[in-house]
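The values are calculated or read from the model by the stated rules, or taken from the named source; none is laboratory data. Everything quoted here is computed from the prediction, not taken from an experiment. Please note: Cβ atoms are built from the backbone with ideal geometry, for glycine as well, and neighbour counts cover all protein chains shown. Each accessible area value is taken on the protein alone, full model and side chains, heavy atoms only, with ligands, DNA and RNA left out. Shrake-Rupley method; radii C 1.70, N 1.55, O 1.52, S 1.80 Å.
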Amino acid sequence: MRETVRVRFAPSPTGFLHLGGARTALFNWAFARKYGGVFVLRIEDTDLSRSTEESVRVILESLRWLGLLWDEGPEVGGPYGPYFQSQRLHLYREYAEKLLQKGLAYECFCTPEELKERKERVIAQGGSWRYDRRCLHLSAREREAFRREGRKPVLRFRIPEGATTFVDMLRGDVTFDNGELDDFVILKSDGMPTYNFACVVDDALMRITHVIRGDDHISNTPRQVLLYEAFGFPCPQFAHIPMILGKDRTRLSKRHGSPSVTYYRDMGYLPEAMVNYLARLSWATGEEEKEIFTREEIIERFSLEQVTKHAAVFDLDKLNWMNGVYLRAADPERLAEILIDILKRQGKVTEKDLTPEFSAYCRRVMALMRDRIRYVAQILEEAEYFFTEYYEYDPQAVESVLFEEKVPEILRTSYELLKDLEPFDAATIEKAIRSEAERRGLKAAQFIHPLRVAVSGKKVGPGLFELLEVLGKERVLARIARTLRFLEKG
RNA sequence: GCCCCCAUCGUCUAGCCAGGUUAGGACAUCGCCCUUUCAAGGCGACGGCAGCGGUUCAAAUCCGCUUGGGGGCGCCA
């Protein structure tokens, strides 16, 4: 009895997929999956001057990375294609023509300059501007005269009298007085459709049942509803989800750092963590203490009724925490691959470094470090000593640890002790160092701390014995020697 | 300026629709425990119903106003 749920995500390819778009896509996807529906991806590339193929590529890549796979759309096709608006221009013209025939749309020859001038004049007089319908009743002769002048008309939709109400699934009835709307352009003078028009034609032809989009579209909705009515199309259900804001409570944008999905991917965030975090922005299930949700759990529980109505502030701290949770549970093998991608991108390794041994090393580094980082790239920010011999000594560590009286002696002893130690693994190293400390009447910590600073330059890091094992005997000895030379120089 | 939407800890939110809770959880912050450091983990603390008025025995919850925030007012999407 109930028709199949069909939802869509319709980005315009004018840049990266940002977090707000990703979350809109996620809610659409979750809704479709929950109800066994179809998730359509449509590319709104009618703005030729701003749309790029590169952007299309990045958006598809971002969605795939997040695991928000579409059932119909670019590269997968479907029965209602094409899924690029730039390939559907004939449809917009055909449908615009219908409105023109029915007298529900009319040609307007006003130029942008003329419009601007009139608008400014009205506003200067304290009025609020709506298109003044100067071209509403143009005769065929007048239109012909304009054409001879070389003017190219736009097509405007004639807004009827009255008020327009639509049901928002989150808010209930929302009503706009049609007087607030003006006769908006549906076809530009170059023949391209405008957003509101193309959107309605496509959503209708693609049999979209639920339009889930950002609440910045609320004020577009009455215009679109009027178009559905003008065409006699069945109106889909609307659900306007809240925006994601930056710390300063304005719409998330470039100014807030990096709102793109690819940025987070490149920093070594895990897609399941991003999905989980984004899902929990504006949406909660009410289960106490439960913050971590798998994709399946999200789908199972998802409901638009539980989506909040107010904007949400993006909180990097919480994303970091959540990503840390996923990192700790992740396979080191997988994390090593992410790490290697980052190293490559940052030029820290070249193709010839990428040996199986290096991969194994990265895996061991990740096994050690995944418990104490919040995103993979953090390793290069806080533990560069894994990948260079030229790490610096943290001045504080030098001051409070290395300048202790017995340190040179302890380091020399350690050097001798480790030199012939076999096997060079954490358990053996630990045993050796602890017994040596005991023999000398020292606390193990008196060995551990200076050694850590010696081999890493830092006071903090993974367990020392594991660290030494992963670094390997050769590097550990060289680093101890280096530190001794450093101390001798004062 | 006009129109629309929204309002619970610093942040994400539960509770609101079907009034009665010590207003719950998570992140962050702080303290203690554990511990070779860090992290993780455990325990605890801090911290909120924007304001005013109304309805009611009773209001975070229902109503109104104010204030605050967001969005829109393109031949952008």
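The alpha carbon gyration tensor of chain A gives principal lengths a ≥ b ≥ c with a/c of 1.5 or higher and a/b greater than b/c, which makes the shape prolate.
Taking every DSSP beta bridge with both residues inside chain A, roughly what % is antiparallel (nearest 5)? Could the numbers behind the result be given before it?
Values: 17 of 32 bridges.
The answer is about 55 percent antiparallel.
Convex hull volume per residue, computed on the Cα atoms of the range A:299-391, equals 142 Å³.
Between A:Ala367, A:Ile186, A:Gln101, the Cα set farthest toward the positive side of the dipole of chain A (charges on each charged residue's Cβ, about the Cα centre) is that of A:Gln101. In the range A:38-170, the portion of solvent-accessible area held by carbon and sulfur atoms comes to 51 percent [1.4 Å probe, whole percent, DNA, RNA and ligands not counted]. Candidate cross-link partners of A:Lys102 among the aspartates and glutamates, defined by an alpha-carbon separation under 16 Å and a same-chain spacing of 8 or more, comprise A:Glu94, A:Asp183, A:Glu229.
Report the far tail of the P(r) of the range A:91-250, meaning the percent of Cα-Cα pairs longer than 21 Å. For the range A:91-250, the share of Cα pairs beyond 21 Å comes to 53 percent. Mind running the shape call on the range A:401-490? Use the C-alpha gyration tensor, a ≥ b ≥ c as the square roots of the eigenvalues: rounded below 1.5 for a/c, prolate if a/b tops b/c, oblate otherwise. Note, shape of the range A:401-490 comes out rounded. Peptides A:265-275, A:476-486, A:290-300, ordered by how many other C-beta atoms sit within 10 Å of their residues on average, highest first, read A:265-275, A:476-486, A:290-300. Setting aside same-chain residues fewer than 8 positions from A:Lys290, which aspartates and glutamates have a Cα under 17 Å from its Cα? Excluding near neighbours in sequence, the set is A:Glu272, A:Glu300. I'd like the FRET efficiency for A:Lys188 and A:Val313, computed as 1/(1 + (r/R0)^6) with the beta carbon distance as r and R0 of 45 Å, rounded to 0.05. Computed FRET efficiency for A:Lys188 and A:Val313: 0.80.
The lysines whose alpha-carbon is closer than 21 Å to the alpha-carbon of A:Lys352, local same-chain residues fewer than 8 away aside, are A:Lys344.
When the helices of chain A are scored as -39500 (n - 2.57) per DSSP H run of n ≥ 4 and the total is divided over every residue, the value at 222 nm lands at -14000 deg cm²/dmol. Highest mean first, the peptides A:250-257, A:4-11 sorted by other C-beta atoms within 10 Å per residue fall in the order A:4-11, A:250-257.
Over 18 Å between Cα atoms: which of A:Lys348/A:Lys458; A:Lys318/A:Lys348; A:Lys254/A:Lys318; A:Lys431/A:Lys473; A:Lys348/A:Lys489 fall into that group? Show your work: numbers first, answer last.
Working: A:Lys348/A:Lys458 21 Å; A:Lys318/A:Lys348 29 Å; A:Lys254/A:Lys318 20 Å; A:Lys431/A:Lys473 16 Å; A:Lys348/A:Lys489 30 Å.
Correct reply: A:Lys348/A:Lys458; A:Lys318/A:Lys348; A:Lys254/A:Lys318; A:Lys348/A:Lys489.
Specify the angular offset, from 0 to 90 degrees and rounded to the nearest 10, of the alpha carbon long axis of helix A:444-456 from the longest principal axis of the alpha carbons in chain A. Result, in degrees: 50. When the GluC sites (Glu not before Pro) in the range A:328-429 are filtered for DSSP coil states and for at most 14 other beta-carbon atoms within 10 Å of their beta-carbon, the remaining sites are A:Glu389, A:Glu392, A:Glu404, A:Glu405. Which one of A:Pro74, A:Asn196, A:Leu60 is farthest out on the positive end of the charge dipole of chain A, using unit charges on Cβ (Lys, Arg +1; Asp, Glu -1) and the Cα centre as origin? After comparing all options, I get A:Asn196. Remark: chain A carries a charge dipole of roughly 800 debye about the Cα centre, counting +1 on each Lys and Arg Cβ and -1 on each Asp and Glu Cβ.
Sort the range A:186-303 into rounded, prolate or oblate with this rule: let a ≥ b ≥ c be the square roots of the eigenvalues of the Cα gyration tensor; rounded if a/c is under 1.5, and if a/c is not under 1.5, prolate when a/b is larger than b/c, oblate otherwise.
On the way: a/c = 2.40, a/b = 1.63, b/c = 1.47.
Cα axes put the range A:186-303 in the prolate bin.
Axis of helix A:473-488 versus longest Cα principal axis of chain A: the two differ by about 80°, to the nearest ten degrees. How far is helix A:271-280 tilted, in degrees, relative to the longest principal axis of the Cα atoms in chain A, given as a value from 0 to 90 rounded to the nearest 10? Taking the Cα atoms of chain A, the angle to A:271-280 is about 60 degrees. Projected onto its three principal axes, the C-alpha set of the range A:366-442 covers 41, 31, 21 Å, listed from the longest axis down.
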